[in-house]
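First comes the structure, then the notes that go with it.
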């Protein structure tokens, strides 16, 4: 489905990613974990067309994404839930959701999808006319995910979903992500909540200092000495 091959990314003279390769298969939840400042968001920006790689290729469904504009990548089937939600704060919940269905392909079926979105996020149904900026952080995150679903795409990229949210709400959102995945939508999730992410994902990649340093079955990685020491504060002794 999504394939990143030997990607290098740099900002002017500063190289941020070195020889990064990842894949997301049909129907998978794939996690990308790593400390702050190690290139996670840079990789997402390259996949979504916000920055151009210096070397390597990005393909989706066999189509080369290198050189394509962000809206063209959305039209090909990739939706993004950005870090910080990036809602239109002065618009209503409904208006934000409608923005997710801006493509002609999505507009024709938007009312049906809107009903499906409200089934996933029932808390939003009673807030359709509420100004998005007045919602709680958790409700805003729900709107951000719901807006991405309105595009009716097959791959959902979620960047730092748990940032600033309570543990209980984070657990709820991860459960919703699992439910979304069961409808056939593939998910690439970039997260710092390592335990919850690895319990939810099928496979995972570990990125450190701009390089992939580990990959494999998510549950196996959760039990690895490296993850326990580096991300969970547990000694392998």
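The values are calculated or read from the model by the stated rules, or taken from the named source; none is laboratory data. Keep in mind that what you see is a predicted model, and the values were worked out from it rather than measured. Using ideal geometry, Cβ is built from the backbone for each residue, glycine included, and neighbour counts are taken over all protein chains shown.
With respect to residue 212, determine if the residue is more than 21 Å from residue 21 (Cα to Cα), touching a strand residue (DSSP E or B) at 6+ places or on another chain (Cβ under 9 Å), outside the structural domain of residue 113 (by TED's automatic domain parsing) and touching a residue at least 60 places away in the same chain (Cβ under 8 Å).
no
Which residues, taken from segment 89-125, are at pLDDT below 90, more than 19 Å from the chain's Cα centre (by Cα) and not in a helix (DSSP H, G or I)?
Scanning segment 89-125 gives 102, 103, 108, 109.
Quick one: in segment 5-28, of everything that is in a strand (DSSP E or B) and within 15 Å of the chain's Cα centre (by Cα), which residue is nearest to residue 56 (Cα to Cα)?
It comes out as 22.
Within 19 Å of residue 158 (Cα to Cα), assigned to a strand (DSSP E or B) and within 19 Å of the chain's Cα centre (by Cα): is that true of residue 42 in this structure?
no
Please specify each residue of segment 191-206 satisfying the condition of being assigned to a strand (DSSP E or B) and at pLDDT 95 or above.
203, 204, 205, 206
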